[in-house]
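Q: Sharing a structure, written as structure tokens. Questions coming.
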Amino acid sequence: MNAGGTPVSAGVPASAEVPVSAGVPVSASVSAQAPGLGGEALRIEGLRKSFGDHLVLDGIDLVVAEHEVVCLIGASGSGKSTLLRCVNLLEPIDSGRIVVQGAEITASGVDVDRIRRSIGIVFQAYNLFPHMSVIRNITLAPVKVLRLPKAEAEARAEELLRRFGLLDKRDAVPDRLSGGQQQRVAIVRALAMRPSILLLDEITSALDPVLVAEVLSVIRELAESGMTMVLATHEMGFARDIANRVAFLEGGRIIEEGPPGQIFSAPRDERTRRFLDRVIEAGRL
Ligand SMILES: Nc1ncnc2c1ncn2[C@@H]1O[C@H](COP(=O)(O)OP(=O)(O)O)[C@@H](O)[C@H]1O
Ligand SMILES: [Mg+2]
């Protein structure tokens with residue numbers, strides 16, 4: 001189900017640079033408040049989506065500010081992946097609207113490919129091309145889709161690899177890398193398209209616990225540098241630590257959303273409480 005993102009749609013930017021230090025608090029707690037948050041990066045209104053007669057998203061409303069990190073939590077089947085896939089136009093929606101940086105992407109007649117390029121998405125299964133080197137995996141879409149000259153695409157890729165401690169893997173094939181390294185390459189590949197927003201779907205759930213940390217540290221660095229991100233995650237501790245805002249989904253609805261301190265310590269809704277109790281029982285918080 002998560003295998004949909006071909007590398008070429010792996011995310012591109014419409015806009016300028018990967019926002020390095022775009023005026024966001026670069027402190028331990030990224031989850032500070034408004035200062036640093038910019039205009040509206042993403043607006044979802046009344047989003048509904050069914051598979052056959054199974055209503056999977058039942059009226060989702062969510063606004064994400066530029067430089068904001070929003071974590072989606074909720075039991076398996078609550079609709080997190082479908083929501084992210086809808087935002088990347090990998091799934092057609094039934095009703096509602098999605099607006100990215102002021103432009104409605106769900107309007108008829110929009111250039112779907114261009115929009116997909118501005119929204120990076122990384123899945124649980126990293127979907128790297130196994131027969132291509134790391135550098136080729138990363139430069140393929142920038143060269144083919146953005147039509148960057150190869151040298152420029154490689155320079156950009158190398159800069160990202162260096163930033164995330166992967167430069168020595170430049171010429172390796174994915175098979176020779178650990179799961180954590182592969183997932184970091186998948187993140188770099190998405191970033192190479194300079195997306196305006198990055199969607200991350202349970203990107204640590206296929207990894208051994210020891211490898212989870214290295215991937216989470218990449219996400220933390222991106223958050224600190226101001227990347228706008230929406231993450232579906234099972235890593236509650238990480239969500240609490242990194243998110244500006246946490247949204248709890250159940251049955252295709254956002255039941256409750258708010259700052260992590262409130263959602264995790266003082267949830268208002270009984271359903272959120274029940275979910276968190278189960279998470280605690282399972283030793284995941
Ligand atoms: N392509 C699909 N076809 C039919 N049902 C699907 C499809 N994708 C997801 N679903 C269903 O939609 C519901 C929400 O799934 P999903 O978005 O993957 O939830 P989550 O990511 O929170 O686990 C589940 O009941 C799932 O079985
Ligand atoms: Mg999922």
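The values are calculated or read from the model by the stated rules, or taken from the named source; none is laboratory data. Just so it is clear, the model here is predicted, and its values are computed rather than measured. Neighbour counts are summed over all protein chains in view; Cβ atoms, including those assigned to glycine, are modelled from backbone coordinates with ideal geometry.
Q: Which residue, of 159, 202, is of a type in the set (Asp, Glu) and either touching a strand residue (DSSP E or B) at 6+ places or on another chain (Cβ under 9 Å) or within 23 Å of residue 38 (Cβ to Cβ) (or both)?
A: Details: 159 fails: either touching a strand residue (DSSP E or B) at 6+ places or on another chain (Cβ under 9 Å) or within 23 Å of residue 38 (Cβ to Cβ) (or both).
The conditions single out 202.
Q: Which condition breaks for residue 98 when tested against (1) under 28 Å from residue 159 (Cα atoms); (2) away from ligand 2 (no atom under 16 Å from the Cβ); (3) buried (at least 21 other Cβ atoms within 10 Å of the Cβ)?
A: The single condition residue 98 does not satisfy is (1).
Okay, residues lined up against (1) under 19 Å from the mean Cα position of the chain (by Cα); (2) among the aromatic types (Phe, Trp, Tyr):
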{"position": "129", "(1), (2)": "no, yes"}
{"position": "148", "(1), (2)": "no, no"}
{"position": "156", "(1), (2)": "no, no"}
{"position": "171", "(1), (2)": "no, no"}
{"position": "178", "(1), (2)": "no, no"}
{"position": "185", "(1), (2)": "yes, no"}
{"position": "206", "(1), (2)": "yes, no"}
{"position": "222", "(1), (2)": "yes, no"}
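Q: Just checking, does the stretch 50-62 include any residue being within 16 Å of ligand 2 (Cβ to nearest atom) and not aliphatic (A, V, I, L, M)?
A: The answer is yes; a qualifying residue exists.
Q: Enumerate the pairs (first residue in the stretch 232-255 and more than 20 Å from residue 120 (Cβ to Cβ); second residue anywhere and of a type in the set (Gly, Ala, Ser) and modelled with pLDDT of 95 or more) with beta-carbon separation below 6 Å, excluding pairs fewer than 6 apart on the same chain, so at least 6 apart or on different chains.
A: Within 6 Å, the pairs are 248/74; 249/74; 249/78; 249/79; 250/74; 250/78; 252/79; 254/247.
Q: Just the residues that are in contact (Cβ under 8 Å) with a residue 12 or more places away in the chain and either within 19 Å of residue 222 (Cβ to Cβ) or within 11 Å of ligand 2 (Cβ to nearest atom) (or both), please, taken from the stretch 74-91. Quick ask: steps written out before the conclusion?
A: Start the filter on the stretch 74-91 by keeping residues that are in contact (Cβ under 8 Å) with a residue 12 or more places away in the chain, which leaves 74-75, 78-91.
Those that are in contact (Cβ under 8 Å) with a residue 12 or more places away in the chain and either within 19 Å of residue 222 (Cβ to Cβ) or within 11 Å of ligand 2 (Cβ to nearest atom) (or both): 74, 75, 78, 79, 80, 81, 82, 83, 84, 85, 87, 88.
Q: Under 19 Å from residue 214 (Cα atoms) and surrounded by fewer than 17 Cβ atoms within 10 Å (Cβ to Cβ): does that describe residue 167?
A: Values: under 19 Å from residue 214 (Cα atoms): yes; surrounded by fewer than 17 Cβ atoms within 10 Å (Cβ to Cβ): yes.
Spelling it out, residue 167 is indeed under 19 Å from residue 214 (Cα atoms) and surrounded by fewer than 17 Cβ atoms within 10 Å (Cβ to Cβ).
Q: Same structure, new question: For the stretch 67-104, which residues satisfy the criterion of being more than 16 Å from ligand 1 (Cβ to nearest atom), part of a loop (DSSP other than H, G, I, E, B) and modelled with pLDDT under 95? Let's see the steps before the verdict.
A: First, the residues of the stretch 67-104 that are more than 16 Å from ligand 1 (Cβ to nearest atom): 67-69, 95, 97, 99-104.
Checking the rest, the ones that are also part of a loop (DSSP other than H, G, I, E, B) come to 67-68, 101-102.
Matches in the stretch 67-104: 101, 102.
Q: Please work out which one of (1) buried (at least 18 other Cβ atoms within 10 Å of the Cβ); (2) touching a residue at least 60 places away in the same chain (Cβ under 8 Å); (3) over 17 Å from residue 80 (Cβ atoms) is the condition residue 259 fails and give its number.
A: (1)
Q: For the condition in contact with a strand residue (DSSP E or B) (Cβ under 9 Å, 6 or more places away or on another chain), closer than 20 Å to residue 63 by Cβ and surrounded by 20 or more Cβ atoms within 10 Å (Cβ to Cβ), what is the one hit in 248, 275, 264? Spell out the reasoning first.
A: On the way: 275 fails: closer than 20 Å to residue 63 by Cβ; 264 fails: closer than 20 Å to residue 63 by Cβ.
On inspection, the qualifying residue turns out to be 248.
Q: State all residues of the stretch 44-59 that are away from ligand 1 (no atom under 11 Å from the Cβ) and among the aliphatic types (A, V, I, L, M); if no residue qualifies, say none.
A: Hits for the stretch 44-59 are 44, 47.
Q: For a quick check of your reading of the model, give me the residue pairs whose first member lies in the stretch 122-151 and is among the charged types (D, E, K, R), whose second is surrounded by fewer than 23 Cβ atoms within 10 Å (Cβ to Cβ) and part of a helix (DSSP H, G or I), with beta-carbon atoms closer than 6 Å and at least 6 apart or on different chains.
A: These pairs meet every condition: 150/143.
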